[in-house]
Amino acid sequence: MLQATGISVRFGKRVLYEDVNIKFSKGCCYGIIGANGTGKSTFLKVLSGELEPSKGEVSKDKLERISVLNQNHFAFEEYSVIDTVIMGNKELYDIKTEKDKIYSKPDFSEEDGMKAAKLEERFAELDGWNAEASAESLLNDLGISPEKHYKLMSELEAKDKVKVLLAQALFGNPDILLLDEPTNDLDLKAISWLEEFLINFENTVIVVSHDRYFLNKVCTHICDVDFGEIKLFPGNYDFWYESSQLLQKQMREQNKKKEEKIKELQDFIARFSANASKSKQATSRKKSLEKIQLDEIKPSARKYPYIDFKPDRLPGNEILEVKNICKTINGEKILNNISFKVKEKDKIAVLAENENAITVLFQILSGELEPDSRRN
Ligand SMILES: Nc1ncnc2c1ncn2[C@@H]1O[C@H](COP(=O)(O)OP(=O)(O)OP(=O)(O)O)[C@@H](O)[C@H]1O
Ligand SMILES: [Mg+2]
């Protein structure tokens, strides 16, 4: 159990949020949402203890282990891939390293023997004997093939490093898992594997993401960072969207009713204040008027993304027709007989195992590259 009590974060004069009170429970997955720059990453840093809040405190059970998705892709360059994953459980990794150091000593004293025995005991408690196997299995699941497991991190491509760091965060069944935008730079296969992993994860997950499909699948709760507050909503993203829209609508309607009442009271007071026989009623209405408070509706920082195309002229129904495109580059067949049609108002996602294929296809469509054969 992780709990934020009375948390406020300010940078200089800028207030990100004030008096945040949220209890994060086991078995739940909390999605942190909000516009860019509202303070989602900062909140994760406060929860992990990396950043001291301006006010308030974060508490957790002493024995619980927090695991954080490392944002620095170059932090483990000189370590092997497998060690980088095992480092996800720092205590286990430190014991493993210390043990190895003792065993490699040429003069193994009695004292060393006792120390090693103690380390072995804790190592076994932490399921150390299965560490490599479970690290390998996480790597395989994320699409990092076995021949890369014992390479150095510096030898990996950027997209593989991201996956190793994710495996590091997930390693060793942490009690609390903090993930800041974990689906960025992941391929679709890895994203759907992560979704399944998080759905089946039995401890606490707190995840920042702008990916609402992902949030919808994995979240049991949504924490919305907006209006200088962090509000907790039970349910997934769609449920949050519906209920927050409803809440806003209700607030606007309530204010509208209050404004009508205010107007009615003001009219009465204006008409009858000078009238001796009605002055008592006018005074009582003045008092009622003072009691009515409009709810403050602060402006939202949220901006929904959209693409606004303004074509020079209205297009017809058939926008594009691609027929039998092939492309081979350096002996590798990148595109093999690609054909499709694009109609007005279509919204198309282009997917490929080989990301190069998408780049090449778009280069051909934009006229930057010539296909090997093109009949149209
Ligand atoms: N150490 C710091 N000192 C001063 N300002 C900071 C510091 N850290 C973050 N900020 C500011 O606080 C605000 C919130 O930053 P944060 O990175 O938490 O936003 P975010 O919600 O994660 O945004 P994004 O969606 O773009 O990742 C930003 O305006 C940022 O510039
Ligand atoms: Mg962020």
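List of remarks:
- Relative contact order of the range 72-166, defined on C-alpha pairs under 8 angstrom at six or more residues apart (%): 50
- Residue-wise HN-Hα coupling along the range 77-87, computed from phi with Karplus coefficients 6.51, -1.76, 1.60 (Hz; x: Gly, Pro): 3, 8, 9, 6, 4, 5, 5, 4, 5, 5, 4
- Spatial separation of Cα centroids for the range 312-326 and the range 166-205, in angstrom: 40
- Qualifying trypsin sites (Lys or Arg not before Pro) in the range 281-376, where qualification requires a DSSP coil assignment and no more than 12 other C-beta atoms within 10 Å, comprise K303, R313, K345, K347, R375.
- Debye, to nearest 20: dipole size of the range 72-166, +1 on Lys, Arg Cβ, -1 on Asp, Glu Cβ: 280
- Placed amide H near L177: partners under 5 Å, 5+ positions off or other chain: S67, T204, V205, I206
- Spin-label proximity, D267 to the range 273-311 - amide N less than 17 Å from point 7 Å beyond Cα toward beta carbon: 273, 282, 285-286, 289
- Cα shape, the range 227-376, gyration tensor, a/c 1.5 rule: prolate
- Vicinal HN-Hα couplings computed from phi for the range 251-261 (Karplus, 6.51 cos²θ - 1.76 cosθ + 1.60; Hz; Gly/Pro x): 4, 5, 5, 4, 4, 4, 5, 5, 5, 5, 5
- Neighbours of F201, meaning other residues whose beta-carbon lies under 12 angstrom from its beta-carbon, give a summed charge of -3 when Lys and Arg score +1 and Asp and Glu score -1.
- Sites matching GluC sites (Glu not before Pro) across the range 242-324 that sit in DSSP coil, with at most 16 neighbouring C-beta atoms within 10 Å: E296
- Max mean-square fluctuation residue, GNM over the chain, Cα-Cα springs under 10 Å, options W193, W129, W240: W129
- Listed residues I230, I338, I206, most fluctuating in the chain (Gaussian network, C-alpha, under 10 Å): I338
- The chain shape via C-alpha gyration tensor axes, a/c threshold 1.5: oblate
- When you restrict to C-alpha pairs under 8 Å that are six or more residues apart and normalise by the size of the chain, the relative contact order lands at 18 percent.
- Residue-averaged [θ]222 nm for the chain, counting only DSSP H segments that reach four residues, each worth -39500 (n - 2.57): -12500 deg cm²/dmol
- Relative contact order %, the range 307-376, counting alpha carbon pairs below 8 Å whose residues are six or more apart: 35
- Relative to the Cα centre, the charge distribution of the chain, modelled as +1 at Lys and Arg Cβ and -1 at Asp and Glu Cβ, gives a dipole magnitude of about 3180 debye.
- Taking the C-alpha atoms only, the angle from helix 90-103 to the longest principal axis of the chain is near 20 degrees.
- Each residue of the range 108-115 was assigned a 3J(HN,Hα) from its phi angle through the Karplus expression (A = 6.51, B = -1.76, C = 1.60, θ = phi - 60°), giving 7, 7, 5, 4, 4, x, 5, 5 Hz with x at Gly and Pro.
- Of every Cα-Cα pair in the range 307-376, the percent that sits beyond 15 Å: 60
- Charged-residue dipole, Cβ positions (Lys, Arg, Asp, Glu), the range 307-376 about Cα centre, Debye nearest 20: 280
Computed from the coordinates by the stated procedures, all read-outs in this text should not be read as laboratory data. Note that the structure is a prediction, hence the values are computed from the model and not measured. All Cβ positions, even for glycine, are placed from backbone atoms using ideal geometry, and neighbour counts span all protein chains on display.
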